[in-house]
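Worksheet: one structure, shown below.
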Amino acid sequence: MRIDPHSYTDDRHAHVRSLAWEARVDFPTRTLLATATLHFDEPSSGALDLDTRALHITRVTDDRGAAVPFELHAAEDILGSRLSLSLPDSTRSVSIEYRTAPDASALQWLDPAQTAGGKHPYLFSQCQAIHARSVVPLQDTPQRRITFTAALTVPSALRGLMAAAFDGREERGDVAVERWHMPQPIAPYLFAFAVGELASRELGARSRVWAEPSVVDGAAWEFAEVDGMLAAGESLFGPYAWDRFDILVMPPSFPYGGMENPRLTFVTPTLLAGDRSQVRVIAHELAHAWSGNLVTNAHAGHFWLNEGWTRYAELRMVEVLEGQDTAALVAAICRKDLDETVARFLAEGHGGLTRLRTHLEGIDPDEAFSVVPYDKGELFLRAIETAVGRERFDRFARRYLETFRFGAVTTEAFLEFTERELPGVLASVDAPRWIDGEGMPDNAPTARSARLDAVIAMGDALPDAGTRLSTTEWNLWLERLPRPQPPAYCASLDERFGFTSTGNMEVKVAWLRLALASAYDPVLPEVSRVLGAVGRMKYLVPLYSALLARPETQRLARETFERNAAGYHPIARAVVRGRIERAST
Ligand code: BES
Ligand code: ZN
C-alpha cells in the first residue's frame with residue numbers, strides 16, 4: 001500500500017536504509033552524472049517502487065553486479081515518474097546510474113552574472129517538499145529516513161558544500177572530489193548541497209557561516225549571535241543532535257527565507273539587513289533541528305506538525321533573546337498575515353487549506369504552501385500551553401521530541417500522545433475545531449505587550465518625522481495600516497521615512513504592498529527592480545499579486561515576469577506563473 005499521497009513508496013517493498021551517492025557536477029550541460037547505490041535494511045526481493053522526476057536512468061545493477069530489470073513509468077503531474085525495479089532474490093543493494101535533467105525541479109543552475117562575485121557559476125538544491133526525486137531516485141517520503149555518503153566532483157575553482165559531515169577534498173587536475181557523510185538518518189527532503197565560489201567565517205564553537213567572498217564578512221556580523229540561539233534552543237528542547245549548525249548564505253534567487261538542511265541551514269541574502277533584525281529566521285531554522293529534522297511530519301497533510309511547532313519554538317527563542325515585548329510584536333505580525341491568508345482561502349473556496357490536518361491528494365504541496373500550518377499550528381500549541389501552564393507544556397514538548405525522535409508523526413499520533421500526556425486538554429481547547437475545522441477558532445490566544453499596544457495606538461495618523469521605530473515595529477504598523485491610503489499620505493510617509501530606499505526588505509516589501517494597494521504609482525520602478533533582484537517567494541508572491549490585482553498594473557506584472565522568469569528558481573517560477581495565469585482567466 002502507498003503510505004504517502006506524494007510518493008510511490010509502498011510499505012510492502014524493501015526499505016532503503018542508506019544511500020551512497022556519487023555525482024559529477026557538469027555546469028556546461030547543467031546535469032549531474034550520478035550513481036546512487038541504495039542499501040536495504042535486509043536482503044530483499046521482488047518489486048521496489050522509487051520516486052523519480054525527469055531522471056534519465058541508464059543502468060541498474062544489484063550488489064552482485066547483475067542487471068536489475070526496471071521500468072520507468074510515464075510522468076504524473078505532481079508525483080513524477082515511478083521507477084519500478086524487480087529485485088532478484090536476496091538483494092542487499094542496487095546501484096542506479098543516471099543523469100539529472102537540466103530543468104530538475106530541485107536544482108537551480110546560476111550563470112556567473114546571477115552571483116555576487118560575477119565570475120563563477122553556482123548550483124544549489126532545494127528538495128523540500130518533493131523535489132529530492134529530481135536529484136536522486138529514492139523513496140521520497142519523510143517516512144523513509146536514510147543515512148548517506150557522498151562524493152561530489154566539482155570544478156576545482158569551486159567549493160562544494162553538503163548538509164552533511166565533511167570528510168575531505170582531493171584535487172584531480174581541473175576537478176576536485178569532495179567527500180561527505182551523514183551519520184544521522186534524515187528525511188529525503190533534507191538532502192542538500194551547493195557548489196560555488198564560497199568562503200567561510202567562524203561564528204562559534206559549533207558554527208560557521210559560508211557565503212560568496214564579497215558577502216561573507218557582512219554575514220558573519222549579521223549572524224554573530226548564533227551561539228546564544230543554540231543555547232536558547234537547547235534550554236527549551238534538549239541537546240542539539242546534529243553536531244554542527246553552519247549557515248550558508250545563498251544567492252538572491254533562493255526561493256525561501258531559510259531552509260533547515262541539517263548541519264547547514266540555507267538562508268536568503270535578504271537577511272543581511274545590516275541590523276540583525278532578521279535573526280528570527282535563523283532561530284526558526286535552528287528550531288527545526290528539533291521539530292522537523294528530529295521529529296518530522298509523516299506526509300504533507302500533517303505539515304503543521306513541522307512548521308507549527310517550529311514557529312512556536314521560534315517565538316519562544318525570540319522571547320529569550322529579545323524579550324517578550326518583541327515576541328509579542330512578531331506574534332502580531334504573524335497573526336495579521338494568518339488572518340489575511342485564512343480570509344483569502346475562504347473567499348476563494350479553498351477552506352480546506354485553512355485546516356491544520358489537510359487533504360492534499362492530487363495537490364502539489366508547493367501550491368498548497370501558506371502560513372496556515374505555521375501560525376494556526378503555533379496558536380493551537382499556544383492554546384494548549386495556556387491551558388496547562390508553561391512548565392507542564394515544556395515537559396510535554398520534551399517528551400514529545402523524545403518519544404518520536406528520528407520518526408515521522410501523523411496528526412492522529414500527535415493527538416493520541418497529547419491525550420495520554422495531558423489528559424483532557426484537547427477537549428478543553430476544542431482541538432477538533434483547530435485540527436479539522438475551517439477558519440480560526442475564537443479561543444486563539446493573543447499576545448500582548450506594552451510595545452505592541454504602543455504600535456497599535458499609533459493608529460493610521462501620519463507619524464511625526466522624528467518617529468523612531470524598530471524594523472519589527474515599522475513592519476507591524478505598515479501591515480496594519482488600512483488600505484487604500486490617499487496618494488498624498490503615501491508620499492509624505494515615504495518622504496519622512498525613506499521606505500522605498502530602505503535596505504531592510506521586510507519593511508520595504510510591507511511598504512510596497514501598501515503603496516500598490518493604494519495605487520501609489522511612484523513605487524512602480526522600485527517594485528519591478530525588487531522583482532528582478534530577489535527570488536524569495538515571500539516577497540515575489542505578494543508583490544506580483546498586488547500588481548495583478550489592478551487592471552492598470554497587470555501588464556507590468558506580466559512583463560516583469562517575462563523579463564525575470566529565467567532567473568527565478570523553478571519552484572518560484574511555477575508559483576508566480578500560476579498566479580499570473582489565474583489572474584488572466
Ligand atoms: N522549511 C521551511 C521552508 C520550506 C517549506 C521549503 C516548505 C519548502 C517547502 C523553512 O523552515 C521556513 O519555514 N522558512 C521560512 C522562514 C521562517 C522564519 C518562517 C521562510 O522561508 O520564509
Ligand atoms: Zn520552517
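The values are calculated or read from the model by the stated rules, or taken from the named source; none is laboratory data. If you're wondering where the values come from, they're calculated on a predicted model, not measured in any experiment. Every residue, glycine among them, receives a Cβ derived from its backbone with ideal geometry; neighbour counts consider all protein chains shown. Just the protein is used for accessible areas: all its heavy atoms, side chains included, with ligands, DNA and RNA removed. Shrake-Rupley method; radii C 1.70, N 1.55, O 1.52, S 1.80 Å.
Which members of segment 81-126 meet the condition of being of a type in the set (S, T, N, Q) and in contact (Cβ under 8 Å) with a residue 40 or more places away in the chain? Step through it out loud before you land on a result.
Within segment 81-126, the subset of a type in the set (S, T, N, Q) is 81, 84, 86, 90-91, 93, 95, 100, 105, 108, 114-115, 125-126.
Selection gives 86, 90, 91, 93, 95, 100, 105, 108, 114, 115, 125, 126.
If you check every pair at least six apart or on different chains, which have Cβ atoms under 7 Å apart with a residue in segment 281-301 that is within 9 Å of ligand 2 (Cβ to nearest atom) first and a residue that is assigned to a helix (DSSP H, G or I) and polar (S, T, N, Q) second?
284/310; 287/310; 288/310; 291/306; 291/310; 292/306; 292/310
Out of the residues in segment 113-130 meeting the condition of being within 15 Å of ligand 1 (Cβ to nearest atom) and open to solvent by 10 Å² or more (accessible area, probe 1.4 Å), tell me which one is nearest to residue 190 (Cα to Cα).
So the first thing to find is which residues in segment 113-130 are within 15 Å of ligand 1 (Cβ to nearest atom), and the list is 124-130.
Those still in the list that are open to solvent by 10 Å² or more (accessible area, probe 1.4 Å) too: 128-130.
Details: 128: 7, 129: 9, 130: 10 Å.
Among residues in segment 113-130 that are within 15 Å of ligand 1 (Cβ to nearest atom) and open to solvent by 10 Å² or more (accessible area, probe 1.4 Å), the one nearest to residue 190 (Cα to Cα) is 128.
How about segment 178-207: which of its residues are hydrophobic (A, V, I, L, M, F, W, C), closer than 20 Å to residue 252 by Cβ and either open to solvent by 10 Å² or more (accessible area, probe 1.4 Å) or at pLDDT below 95 (or both)?
Residues satisfying the conditions are 198, 199.
Quick one: which strands (runs of 3 or more DSSP E) lie wholly within segment 38-122 and hold at least 3 residues that are among the aliphatic types (A, V, I, L, M)? Step through it out loud before you land on a result.
Working: elements: 56-62, 70-72, 81-99, 107-110.
Counting at least 3 such residues, we get 81-99.
Taking residue 494, is it among the acidic types (Asp, Glu), out of contact with any strand residue (DSSP E or B) (no Cβ under 6 Å at 6 or more places or on another chain), crowded, with 17+ Cβ neighbours inside 10 Å and part of a helix (DSSP H, G or I)?
Values: among the acidic types (Asp, Glu): yes; out of contact with any strand residue (DSSP E or B) (no Cβ under 6 Å at 6 or more places or on another chain): yes; crowded, with 17+ Cβ neighbours inside 10 Å: yes; part of a helix (DSSP H, G or I): yes.
Judged against the criteria, residue 494 is a match.
Return the residues of segment 208-227 that are open to solvent by less than 50 Å² (accessible area, probe 1.4 Å), not aromatic (Phe, Trp, Tyr) and not in a helix (DSSP H, G or I); say none if nothing qualifies.
Just the residues of segment 208-227 that are open to solvent by less than 50 Å² (accessible area, probe 1.4 Å), to begin with: 209-212, 215-216, 218-220, 222-224, 226.
If we keep only those that are not aromatic (Phe, Trp, Tyr) as well, we get 209, 211-212, 215-216, 218-220, 222, 224, 226.
If the condition is that a residue be open to solvent by less than 50 Å² (accessible area, probe 1.4 Å), not aromatic (Phe, Trp, Tyr) and not in a helix (DSSP H, G or I), then 209, 211, 212, 215, 224 are the ones that fit.
Residues to consider are 273, 332, 287; find the one that is of a type in the set (A, V, I, L, M, F, W, C) and open to solvent by less than 10 Å² (accessible area, probe 1.4 Å).
Details: 273 fails: open to solvent by less than 10 Å² (accessible area, probe 1.4 Å); 332 fails: open to solvent by less than 10 Å² (accessible area, probe 1.4 Å).
When all the criteria are applied, what remains is 287.
If you take the residues of segment 258-270 that are open to solvent by 10 Å² or more (accessible area, probe 1.4 Å) and touching a residue at least 40 places away in the same chain (Cβ under 8 Å), which of them is nearest to ligand 1 (Cβ to nearest atom)?
Here is the first cut: in segment 258-270, the residues open to solvent by 10 Å² or more (accessible area, probe 1.4 Å) are 258, 263, 269-270.
Subsequent filtering for residues that are touching a residue at least 40 places away in the same chain (Cβ under 8 Å) retains 263, 269-270.
Numbers: 263: 15, 269: 13, 270: 10 Å.
Per the stated criteria, the residue is 270.
Working carefully through the options 277, 235, find the one that is out of contact with any strand residue (DSSP E or B) (no Cβ under 6 Å at 6 or more places or on another chain) and within 13 Å of ligand 1 (Cβ to nearest atom). Spell out the reasoning first.
Numbers: 235 fails: within 13 Å of ligand 1 (Cβ to nearest atom).
Going through 277, 235 in turn, just one is out of contact with any strand residue (DSSP E or B) (no Cβ under 6 Å at 6 or more places or on another chain) and within 13 Å of ligand 1 (Cβ to nearest atom): 277.
Would you confirm whether any residue within segment 239-251 is open to solvent by less than 10 Å² (accessible area, probe 1.4 Å), at negative phi, more than 16 Å from the chain's Cα centre (by Cα) and hydrophobic (A, V, I, L, M, F, W, C)?
Taking every residue of segment 239-251 in turn, at least one turns out to be open to solvent by less than 10 Å² (accessible area, probe 1.4 Å), at negative phi, more than 16 Å from the chain's Cα centre (by Cα) and hydrophobic (A, V, I, L, M, F, W, C).
Would you mind stating whether residue 307 is within 13 Å of ligand 2 (Cβ to nearest atom) and among the charged types (D, E, K, R)?
For residue 307, the condition - within 13 Å of ligand 2 (Cβ to nearest atom) and among the charged types (D, E, K, R) - is met.
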